[in-house]
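Please read the structure below before turning to the comments.
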Amino acid sequence: MVVARGIRRRRGREYHILPLQYVPDAHHIPPRTHHKISSIPWHAGFVFLIPTLLVILQVHSQGSSPLRTHPLNMWIFIICCFFYCFALGFYMKPQNSYQKLLAKVAFISGSLASAALMSVFVVAP
């Protein structure tokens with residue numbers, strides 16, 4: 001959608017119109033972001049798996065805190081999520097020379113985060 005420029009006068013009233021600019025639609029995804037996200041097929045798996053495991057963990061440990069019953073697993077999960085978010089964020093920056101390394105760091109840290117959450121259900125408190 002393109003917005004016009006200038007001031008219009010109609011019947012003695014002034015209508016101020018915004019400067020000429022491009023206003024994206026609500027569901028518009030810039031092409032470079034869409035390309036980057038679609039080039040990471042395992043990201044969709046982590047986006048589904050990690051929140052699902054967190055909900056199951058919340059239901060599973062209603063009476064106690066997972067940070068108290070499984071401190072090592074939960075700290076590994078938090079640190080791996082931290083690395084995953086930063087690696088994915090820097091991977092999506094345009095013209096980054098470390099694309100392959102960041103993709104591997106994001107994949108490994110996402111896998112470790114998922115494994116740390118799954119290990120909470122396997123290991124007895």
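Structure values in brief
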item: Least to most buried among Met74, Met92 (fewest other Cβ within 10 Å first); result: Met92, Met74
item: Fewest-first sequence of His60, His70, His43 by Cβ atoms within 10 Å of each Cβ; result: His60, His43, His70
item: Under Karplus coefficients 6.51, -1.76 and 1.60, residue-wise ³J(HN,Hα) of segment 44-50 in Hz, glycine/proline x; result: 5, x, 5, 5, 7, 5, 5
item: Extension gain, Tyr98 back to Ser111 (0.36 nm per residue minus Cα-Cα distance, nm); result: 2.7 nm
item: Gyration tensor over alpha-carbon atoms, segment 31-122, equivalent ellipsoid semi-axes in Å; result: 29, 13, 9
item: Segment Trp42-Leu72, length gained on full extension (0.36 nm per residue, minus Cα span); result: 8.3 nm
item: Estimated vicinal HN-Hα couplings, Hz - segment 104-119 in sequence order (Karplus 6.51, -1.76, 1.60; Gly, Pro = x); result: 5, 4, 5, 5, 5, 5, x, 5, 5, 5, 5, 5, 5, 5, 5, 5
item: DSSP-loop chymotrypsin sites (Phe, Trp or Tyr not before Pro) across segment 52-125, with at most 13 other Cβ within 10 angstrom; result: Tyr98
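No value in this document is a laboratory result; all are computed from the given coordinates. Keep in mind it's a predicted model, so treat the numbers as computed, not measured. In this analysis, Cβ positions are derived from the backbone assuming ideal geometry, glycine residues included, and neighbour counts consider all displayed protein chains.
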